[in-house]
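Taken together, the values in this text are just the output of simple stated rules run on the coordinates, not laboratory data. What you are looking at is a predicted structure, and each value in this text was computed from that prediction instead of being measured. In this analysis, Cβ positions are derived from the backbone assuming ideal geometry, glycine residues included, and neighbour counts consider all displayed protein chains.
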Amino acid sequence: MSPPVEVPVVTAEQMSEARLPIAYRDRCAGLLIPLNRCRFETMYLPWKCENERHSYEKCQYDEFMKRVKKMEELKAANPGMRAN
């Protein structure tokens, strides 16, 4: 498995200035802001901004895997508890 992506720290003000929707204001927002800027500047051409898109998607995947691992640890610690 490849190492996690380094994510720049972004403040709430920077996310607001970048007009990120609330649902996307997570740990990976530092990668989404430059990706959206690149998309806007290149008129959303699919072959542009590939590095930025890959970095953002890798960050999202890493965050998902952390949540899955945490859920598995919680299930192992409490075998009788329901997941939902």
Pick from ASN36, ASN51: which is of a type outside the set (A, V, I, L, M, F, W, C), out of contact with any Lys or Arg (no Cβ under 7 Å at 6 or more places or on another chain) and surrounded by 14 or more Cβ atoms within 10 Å (Cβ to Cβ)?
ASN36
Sole exception among (1) assigned to a loop (DSSP other than H, G, I, E, B); (2) exposed (fewer than 10 other Cβ atoms within 10 Å of the Cβ) for ARG27, by number
(2)
Please enumerate the residues belonging to the range 38-84 that are farther than 25 Å from VAL10 by Cβ and either among the small types (Gly, Ala, Ser) or under 15 Å from the mean Cα position of the chain (by Cα) (or both).
ALA76, ALA77, GLY80, ALA83
Out of curiosity, is LEU20 aliphatic (A, V, I, L, M), surrounded by 13 or more Cβ atoms within 10 Å (Cβ to Cβ) and in contact with a Ser or Thr (Cβ under 7 Å, 6 or more places away or on another chain)?
no
Take the residues of the range 4-16 that are touching a helix residue (DSSP H, G or I) at 6+ places or on another chain (Cβ under 9 Å) and outside any loop (DSSP other than H, G, I, E, B): which is nearest to GLN60 (Cα to Cα)?
MET15
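Might you check whether a residue that is buried (at least 16 other Cβ atoms within 10 Å of the Cβ) and out of contact with any Cys (no Cβ under 7 Å at 6 or more places or on another chain) occurs anywhere in the range 8-15?
Yes: one or more hits.
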